[in-house]
Amino acid sequence: MAVYTEVSKTDLENLLKDFDLGRLVDFKGIDGGIENTNYFVTLNNSEGQNREYVLTLFEELNQDEMPYFVELTTWLAERGCPVPFPFKDNNGIALKSLHGRPALLQPRLPGHHIETLTERHCSQIGAALAQFHQAGRDFYLQRQAHRGVFWWRRESQHIAGKLSDEDAELLRTEVDLFDQLREQPWNLPQGTIHGDLFYDNALFDGDKLSAILDIYNACTGYLLYDLAIVANDWCVNADGSIDPLREQALLTAYAKVRPFEENEYHAWPQLVRTAAMRFWLSRLIPALDPDSTQKIKNPEEFRRILIQRIATPAALP
């Protein structure tokens with residue numbers, strides 16, 4: 001949630017003419033995040049009340065890719081998932097364009113980011129992710145992952161020459177191991193996954209989960225892989241080791257909503273490694289590119305998690 005594209009007051013007022021939400025009072029760019037431009041927008045409605053919204057401009061996704069996300073967030077919200085959904089204008093259109101970029105206007109959901117994660121937080125996100133997966137399994141559109149298996153096969157080869165021999169071999173090994181897992185006749189459950197549910201993509205109102213944000217890496221994939229992404233972020237200590245109590249809380253709460261299938265027990269130890277490898281790779285690429293304009297996050301964090309997952313194989317409860 002960074003600001004790559006500057007939006008003026010006139011830009012916003014012209015955009016808001018199509019909506020019946022009120023008069024523009026204020027707007028402010030949101031710092032942080034990596035991929036998109038976001039603004040908080042305050043409008044004064046016909047009853048004289050100020051309401052908060054979020055305007056998102058998509059820096060990587062194009063106009064043709066956006067209907068999937070418009071439909072998905074609407075679908076999930078209608079089924080009780082705490083996700084922001086786009087407002088439709090007076091003509092029933094949600095997807096807009098601003099400075100040549102796709103744009104959506106959404107409600108600003110209540111809550112704040114949590115800095116110190118506890119078992120209670122992990123339990124809530126586990127249950128919410130399972131609800132997300134249950135709601136999304138019947139979603140009528142599919143999407144290939146933006147940074148999925150074909151991407152990490154290609155990019156791991158491209159980047160190998162910039163790495164130490166040890167790291168290049170580690171990356172190659174993890175890509176090969178996931179390919180071997182996919183060859184197993186395990187028929188792992190698939191459906192719509194979030195794909196990027198780090199703890200800074202969730203809000204808590206007090207101590208209660210109030211929102212799951214940034215749905216724009218959503219795609220069709222293994223449900224368990226999505227859970228592995230969460231476990232590698234929400235349940236990790238600073239040294240890359242796993243907090244067993246937080247992970248147990250996450251997995252137990254998830255399984256109460258969507259019980260694990262037998263083959264998922266076999267796949268879990270590899271999927272947590274694959275999830276760590278994927279984010280290690282996606283952080284390595286901009287970190288090693290002197291011309292990158294992307295916000296740099298430390299790739300070493302996920303290398304440490306990967307090493308820990310190899311040293312101490314994971315298990316579902």
Given (1) at positive phi; (2) buried (at least 22 other Cβ atoms within 10 Å of the Cβ), index of the condition Y254 fails: (1)
Qualifying residues in the stretch 94-121 (those that are farther than 22 Å from D20 by Cα and hydrophobic (A, V, I, L, M, F, W, C)) - the one nearest to the chain's Cα centre (by Cα): I114
Residue match in the stretch 225-243 (condition: in contact with a strand residue (DSSP E or B) (Cβ under 8 Å, 6 or more places away or on another chain), crowded, with 16+ Cβ neighbours inside 10 Å and of a type in the set (D, E)): yes
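Out of the residues in the stretch 229-280 that are among the aromatic types (F, W, Y) and touching a His at 6+ places or on another chain (Cβ under 9 Å), which is nearest to R154 (Cα to Cα)?
Result: W234.
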Residue in the stretch 69-76 that is under 20 Å from the mean Cα position of the chain (by Cα) and farther than 22 Å from Q144 by Cα present: no
Count - residues of the stretch 158-212 that are in a loop (DSSP other than H, G, I, E, B) and either modelled with pLDDT of 95 or more or of a type in the set (G, A, S) (or both): 10
Out of R172, R147, R154, sole residue that is touching a residue at least 24 places away in the same chain (Cβ under 8 Å) and open to solvent by 10 Å² or more (accessible area, probe 1.4 Å): R147
Selection status of F132, under 30 Å from L251 (Cβ atoms), open to solvent by 10 Å² or more (accessible area, probe 1.4 Å) and either touching a residue at least 40 places away in the same chain (Cβ under 8 Å) or in a strand (DSSP E or B) (or both): no
Residues satisfying the stated conditions in the stretch 288-309, i.e. farther than 15 Å from D239 by Cβ and either loosely packed, with under 12 Cβ neighbours inside 10 Å or free of Cβ contacts under 8 Å to residues at least 60 places away in the same chain (or both): D289, P290, D291, S292, T293, I296, P299
Residue that is most open to solvent (accessible area, probe 1.4 Å), among those in the stretch 175-197 that are of a type in the set (S, T, N, Q) and more than 17 Å from F132 (Cβ to Cβ): N187
Tally of residues being touching a residue at least 60 places away in the same chain (Cβ under 8 Å), assigned to a loop (DSSP other than H, G, I, E, B) and open to solvent by less than 70 Å² (accessible area, probe 1.4 Å) across the stretch 86-100: 2
Contacts under 7 angstrom Cβ, first residue in the stretch 179-191 being farther than 14 Å from W152 by Cβ, partner aliphatic (A, V, I, L, M) and surrounded by 15 or more Cβ atoms within 10 Å (Cβ to Cβ), 6 or more apart: W186/A267; L188/L224; L188/A267; P189/L223; Q190/L223; G191/L223
Near pairs, Cβ below 7 angstrom, 6+ apart or cross-chain, from the stretch 239-259 (within 13 Å of I125 (Cα to Cα)) to any residue that is of a type in the set (V, I, T): L250/I125; L250/V230
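The values are calculated or read from the model by the stated rules, or taken from the named source; none is laboratory data. Because the structure is predicted, anything quoted here is derived from the model rather than measured. Note that each Cβ is placed from the backbone with ideal geometry, even for glycine, and that neighbours are counted across all protein chains shown. The area values use the complete protein model at the heavy-atom level, side chains included, leaving out ligands, DNA and RNA. Shrake-Rupley method; radii C 1.70, N 1.55, O 1.52, S 1.80 Å.
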